[in-house]
Amino acid sequence: MKKWMLLVLLSMSMFVVVIDTTIMNVSISALVADLNTTVVGIQSAISLYALVMAAFMLVGSTLADRFGKRLIFLTGMVIFGVGTFTASLSQTLGMLVIGWSVLEGLGSALMVPNLQNLLRDRYTGKDLAFAYGIISAVSAVGAALGPIMGGYLTTFHSWRWAFRLEVIVVIAVLVLSRSIPGDRPQNPPRFDILGALLSIFGFSTVVLSILMAQPYGVWLAKQPLTIGSLAIAPFGLSIVPFMFGGGVLLLLLLLLWERHLERHGQVGLFKPSLFQVPGLVSGFAVRFSHMGLMASFFFIVPLLLQLTFEFTAMQTGIALLPLSISILIFAIAGARLSGRFRAKRIIQVGYILAILGLLQLLFTVQLDATPNQLANAIIFGIGSGLIASQILNLILSSVEEADTTATAGLNSTFEQLGNSVGVALVGAVMLSTLLIGLQRNITSDSEIPADLKPDIVAGLESRIQLVSDTQVQQALEQTTLSPEISDRIELAYRTERLRAFRGGMVFLVFIALLGLVLTPGLPDLKLG
């Protein structure tokens, strides 16, 4: 038993990291109500959580080379515990962002890469293969159970209990942490401070610019960015393209700096030469696409069920259960196919099935659709499970054994970047579609007096949000509009909200098609 205690502790750690986001996805409506915020606010918190992980993932991996894997892993666990405790006490969106998005994201970034390294240090051969299998199974089970657990806790107790239970797991891991082997690096390399800063600010600026596109505009400024008394809108343009360009520039500087370090035999955040490995860049791109697809899907569908049908978190979790089970089953079954078929072919079949599943949902999303029809995404789940069963193993199998740790760190960065960018973009697409549709609908509605239309449209532009029918009715009751006009606006909102979700689905199809287009560049390996 002592031999496997480390695996037990690391499995517990991976479980809380995996269920963290899935629990949040089914609790969006409850979070909006309890924290007096908006869907966009919660979307930003979800995206920022993945952003912090992406920005610090490479840092977490390289810190272990200097200070030891055990110390950095446990430091991450403590930070994660403080974050989840803070999140459980949140009374405002700002407090949730500090606890969940920032502290838990940072803790996860220190834990996840070193979890893999600790496994490789303790186990070898068949034991290592068994340990990887258990960790993968725990991740899949966590992803499948997360919506049900989150739904039950949110509906019958409180979403805060999800964070409180995570605190208990964190305490248990820390109490039993003697089973985690100590390591003292001999002649540790200097920490790449410049690389860390470029990574953190580069990734952060890119994703934040996407999140700011809706309130500030993509090109032309909807409003200036105000810092104190300073209003920033150069030449009437939005701050967004300048931020995005600045973030890309920082990431290019990061790549040049890391190349400089590698040429001079110094240790940096990553090895740029890895990008020259045949098929590896395509592998990272496909992983980015797949994680963006999954994160966006699990943001849209729970929101669709809760806003359109006003499902509780528990009802949402149950509705998503067939999808979660299909992902779990085919993630396991897909691994068994590795010995018979090339991984690239399995991934391509997975993307084709995912696209077919998304198209099925796209044409099902109508005003007269039923909840069961909208949640019936098993085909998408089968395809996604097949992709998940192959892509990580394929990426790591394409490099030499000595480079697997560095490659795993880069892979984790692209995973979380995909999560963050996916949620940020799909949220922006839905809100933009909703606003444009409402403006068109109200402007062309002959039943609404022409003299009221400019004020209604202006109000929508400044306060547009994704909300339920009940919330729309409550907002309209607080206006001086007549019941007839309120009914017209409510019908317009319901119609355009559904089109916004369809717009989000179209965006998901685009991501899946992009992933499929990238697959020919993958390594042509059979992994069995």
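Residues are listed down the side, and each one gets a yes or a no for (1) surrounded by fewer than 19 Cβ atoms within 10 Å (Cβ to Cβ); (2) closer than 30 Å to residue 156 by Cα:
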{"residue": "278", "(1), (2)": "yes, no"}
{"residue": "284", "(1), (2)": "no, no"}
{"residue": "295", "(1), (2)": "no, yes"}
{"residue": "301", "(1), (2)": "no, yes"}
{"residue": "306", "(1), (2)": "no, yes"}
{"residue": "314", "(1), (2)": "yes, yes"}
Name the single residue that is farthest from residue 399 (Cα to Cα) among those in the range 230-275 being touching a strand residue (DSSP E or B) at 6+ places or on another chain (Cβ under 7 Å) and not aliphatic (A, V, I, L, M). 236
Residues being over 30 Å from residue 314 (Cβ atoms) and among the polar types (S, T, N, Q): count how many of those fall in the range 27-70. 2
Return a yes/no flag: does the range 219-229 have any residue that is under 30 Å from residue 326 (Cβ atoms) and either in contact with a strand residue (DSSP E or B) (Cβ under 8 Å, 6 or more places away or on another chain) or hydroxyl-bearing (Ser, Thr, Tyr) (or both). no
Considering (1) part of a helix (DSSP H, G or I); (2) under 24 Å from residue 104 (Cβ atoms), say which one residue 214 fails and leave the rest. (2)
Sort out which residues of the range 19-57 are in contact with a Pro (Cβ under 8 Å, 6 or more places away or on another chain) and either part of a helix (DSSP H, G or I) or surrounded by fewer than 24 Cβ atoms within 10 Å (Cβ to Cβ) (or both), and write them in order of number. 22, 23, 25, 28, 57
For the structure I just gave you, tell me whether residue 237 is without any contact (Cβ under 8 Å) to a residue 24 or more places away in the chain, surrounded by fewer than 19 Cβ atoms within 10 Å (Cβ to Cβ) and not basic (Lys, Arg). yes
Matching residues in the range 452-483 - criterion: being assigned to a helix (DSSP H, G or I) and either assigned by TED's automatic domain parsing to the domain that holds residue 33 or farther than 24 Å from residue 310 by Cα (or both): 453, 454, 455, 456, 457, 458, 459, 461, 462
Would you check which residues across the range 308-317 are at pLDDT below 85, part of a helix (DSSP H, G or I) and among the hydrophobic types (A, V, I, L, M, F, W, C) and list them? 313
Would you check which residues across the range 64-79 are within 27 Å of residue 247 (Cβ to Cβ) and touching a Leu at 6+ places or on another chain (Cβ under 7 Å) and list them? 72, 76, 79
Hey, can you tell me all the residues within the range 254-286 that are among the polar types (S, T, N, Q) and assigned to a loop (DSSP other than H, G, I, E, B)? 266
Picking from 382, 352, the residue that is within 28 Å of residue 150 (Cα to Cα) and modelled with pLDDT of 85 or more would be 382
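Conditions tested, residue by residue: (1) farther than 20 Å from residue 515 by Cβ; (2) surrounded by 13 or more Cβ atoms within 10 Å (Cβ to Cβ).
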position: 418; (1), (2): no, yes
position: 442; (1), (2): yes, yes
position: 453; (1), (2): yes, yes
position: 466; (1), (2): yes, yes
position: 477; (1), (2): yes, no
position: 486; (1), (2): yes, yes
If I filter the range 96-126 down to residues being surrounded by fewer than 18 Cβ atoms within 10 Å (Cβ to Cβ) and without any contact (Cβ under 8 Å) to a residue 60 or more places away in the chain, which single residue comes out as farthest from residue 269 (Cα to Cα)? 126
Please find, within the range 461-506, the residue that is farthest from residue 297 (Cα to Cα) out of those that are within 26 Å of the chain's Cα centre (by Cα) and of a type in the set (A, V, I, L, M, F, W, C). 464
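The values are calculated or read from the model by the stated rules, or taken from the named source; none is laboratory data. Keep in mind it's a predicted model, so treat the numbers as computed, not measured. FYI the Cβ positions are ideal-geometry reconstructions off the backbone, even for glycines, and counts take in every protein chain you see.
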